[in-house]
1. Identify all residues within the range 33-56 that are modelled with pLDDT of 90 or more and over 23 Å from residue 128 (Cβ atoms); write none if there are none.
2. In the range 111-123, how many residues are in contact with a strand residue (DSSP E or B) (Cβ under 8 Å, 6 or more places away or on another chain) and either in contact (Cβ under 8 Å) with a residue 40 or more places away in the chain or under 21 Å from residue 178 (Cβ atoms) (or both)?
3. Quick check on residue 155: is it within 21 Å of residue 311 (Cβ to Cβ) and either modelled with pLDDT of 95 or more or surrounded by 19 or more Cβ atoms within 10 Å (Cβ to Cβ) (or both)?
4. I need a count of the residues in the range 129-157 that are in contact (Cβ under 8 Å) with a residue 40 or more places away in the chain and farther than 21 Å from residue 192 by Cα.
5. Considering only residues that are outside any loop (DSSP other than H, G, I, E, B) and surrounded by fewer than 19 Cβ atoms within 10 Å (Cβ to Cβ), look in the range 241-255 and name the one that is modelled with the lowest pLDDT.
6. Hey, among 117, 198, 165, which residue is at pLDDT below 95 and part of a strand (DSSP E or B)?
7. Under the condition of being touching a residue at least 60 places away in the same chain (Cβ under 8 Å) and in a strand (DSSP E or B), which residue from the range 73-83 is nearest to residue 174 (Cα to Cα)?
8. So is residue 346 part of a loop (DSSP other than H, G, I, E, B), closer than 27 Å to residue 248 by Cβ, in contact with a helix residue (DSSP H, G or I) (Cβ under 9 Å, 6 or more places away or on another chain) and at pLDDT below 95 or not?
């Protein structure tokens, strides 16, 4: 607790010190409300989980708060800090030994997460998942600190996302994870740019250094990248455009051990997606993922590995081929329905996620969502788990 309070106090001292001298004397002085911007949300998530046997029902509760603070320190300098606060309680907390240590994970260079309360029936956790300063002028944009570096072009699987790949199943984390990194962007023209990003690690095998070139040709956005990616050398490419009125996107990255160029154990990940919106606002989306290192051996993975949160651009799914499908549309102007699913060939993995979202009023939303998991080795119908979520969200 003291560690957390000290860190927050130090941040605000540094933050407001920067504000005092960062503004150019030639610029008119701005009032505090013009400099600072604060927004966020509070969510209450109720969860019921169960398997084939409805006698084993487990309930969870999560109160999730986010605070986003941004400061426009001058015409060229912007700073931001975003804090994620979560309160866990319920049966799963009581039934899971070390639950607090399980959620207290920070994969960044600096540990900016804190267990404020760690009890058998209650866990309160906070993490600063954004903390950066940005300088921009003319054709340059430089950002240092904890940030999201999104190089992926697809909506579900991103082999090009070398810095902070996300898990589609983790629907309650819309902001997605960030990285402690330096990112430099140079815009050669209005339609082309060069980018360099460095994510330092404790040693060279925990470090990512990558460069990317982007340009537009034939009404398509193209990108090419190269990287020292942990223990590998990675090269990749991606595109985004339209086939007639439908979105057509794809990306691919090849990973090869950097200490053994003659090694034949390289891994190729390729994803291609297609999406289309009809005039009646019905939206469809399909995607295919190929993982050359995927498996069809059911004995080589555990159930917890199937949709693990510990994903990487090199390992987005355990199967060689994976398929994604989604259809959504408005039932009424305020009620939207969505159905999404993932199927992994070979292992016969199936994940389904239906949902209904309703806009109660401005800044208020309620969501009813289900998640169902199936795998061929698990009993009569292969069901390995189900969850039903009810989420109330207030944004400010």
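1. 46, 47, 48, 49
2. Number of matching residues: 5.
3. Against the criterion (within 21 Å of residue 311 (Cβ to Cβ) and either modelled with pLDDT of 95 or more or surrounded by 19 or more Cβ atoms within 10 Å (Cβ to Cβ) (or both)), residue 155 does not qualify.
4. Total satisfying the criteria: 8.
5. Filtering the range 241-255 for residues that are outside any loop (DSSP other than H, G, I, E, B) and surrounded by fewer than 19 Cβ atoms within 10 Å (Cβ to Cβ), the one modelled with the lowest pLDDT comes out as 243.
6. Among 117, 198, 165, only 117 is at pLDDT below 95 and part of a strand (DSSP E or B).
7. 82
8. Numbers: part of a loop (DSSP other than H, G, I, E, B): yes; closer than 27 Å to residue 248 by Cβ: yes; in contact with a helix residue (DSSP H, G or I) (Cβ under 9 Å, 6 or more places away or on another chain): yes; at pLDDT below 95: yes.
Spelling it out, residue 346 is indeed part of a loop (DSSP other than H, G, I, E, B), closer than 27 Å to residue 248 by Cβ, in contact with a helix residue (DSSP H, G or I) (Cβ under 9 Å, 6 or more places away or on another chain) and at pLDDT below 95.
The values are calculated or read from the model by the stated rules, or taken from the named source; none is laboratory data. Just so it is clear, the structure is predicted and the values come from calculations on it, not from any experiment. Neighbour counts run over all protein chains shown; Cβ positions are idealised from the backbone, glycine included.
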